[in-house]
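In what follows, a structure is listed as C-alpha cells, so that the remarks can point back to it.
The values are calculated or read from the model by the stated rules, or taken from the named source; none is laboratory data. Computed from a predicted model, the values in this text were never measured in an experiment. Quick reminder, even Gly has a Cβ in these numbers, built from the backbone with ideal geometry, and neighbours come from all protein chains shown. The area values use the complete protein model at the heavy-atom level, side chains included, leaving out ligands, DNA and RNA. Shrake-Rupley method; radii C 1.70, N 1.55, O 1.52, S 1.80 Å.
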Amino acid sequence: MSDNSSVHASAVLVGERAVLIRGPSGAGKSRLAFDLILAGRTGALPPAILVGDDRVHLDTAGEQLWVRPVQQLAGLIEIRGLGIRHCPFAGEAVVGLVVDLAADDAERLPPPEAVTIRLNGVLIPRIPVGIGFQPLPLVVAALTTT
C-alpha cells in the first residue's frame, strides 16, 4: 500500500471493520470516535479501538478500502474539554462503514443511493447524519441490526 495523501476524517475499528467518520470541522468527528470506543467498552458494540483522529490515510488493496493513522497523530484523540489525549490505536483496518456528519442528503428514510458510497473504487455502506442529530444511535443500529 502506498503512503498517499491524508484525508480529513477520523476512524475507529469496531470488531473486524473500521467506521470512517467524515464531516466539516466542528461536526463531531472526534466525539463520535470516542463515543464508539466507549460503546465498545460497555458492550453495546464489539470492542472498539481508535485508528486515527482528524486525519487518516486511505488506500485500496484487494478491492478493500484500508484506513491508517497519520504517523504524527497516531494514538492521539481530541476530547473536547480535555484537549489532545493519548489512547491505544490500531495501525490499519478495512473500512466497513462511512458516517458523513452534517450531511446535506440526510433524510428520515434515505433512498438506497444515499446509504452507500464509492470511495477509491470500493462500494461501502454509508450513514448520512443531519445537523442536530446524534450519530451514535444510528451507528450502533447500523452495526447491530439488519
Most mobile of Val12, Val115, Val56 in a GNM of the chain (Cα contacts under 10 Å) | Val115
In Å², nearest 10: area of Glu113 left accessible to a 1.4 Å probe = 140
HN-Hα J in Hz across segment 90-101 - Karplus 6.51, -1.76, 1.60, θ = phi - 60°, x for Gly and Pro = 9, x, 6, 6, 8, 6, x, 7, 10, 10, 9, 7
Express the carbon and sulfur contribution to the solvent-accessible surface of segment 32-146 as a percent, rounded to the nearest whole number, probe 1.4 angstrom.
-> 57
Largest fluctuation, Asp53, Asp100, Asp35 only, Gaussian network model of the chain with Cα springs under 10 angstrom, belongs to Asp35
Kindly write out, for segment 66-78 in residue order, the coupling ³J(HN,Hα) from the Karplus curve 6.51 cos²θ - 1.76 cosθ + 1.60 (θ = phi - 60°), rounded to whole Hz, with x marking Gly and Pro.
-> 9, 10, 9, x, 6, 3, 5, 10, 4, x, 10, 9, 8
Based on DSSP H runs of at least 4 residues, each adding -39500 (n - 2.57), what is the mean residue ellipticity at 222 nm of the chain after dividing by all its residues, to the nearest 500 deg cm²/dmol?
-> -5000 deg cm²/dmol
How many percent of DSSP beta bridges within segment 65-146 run antiparallel, rounded to 5?
-> 70
In debye to the nearest 20, how big a dipole does segment 11-62 give about its Cα centre with +1 on each Lys and Arg Cβ and -1 on each Asp and Glu Cβ?
-> 120
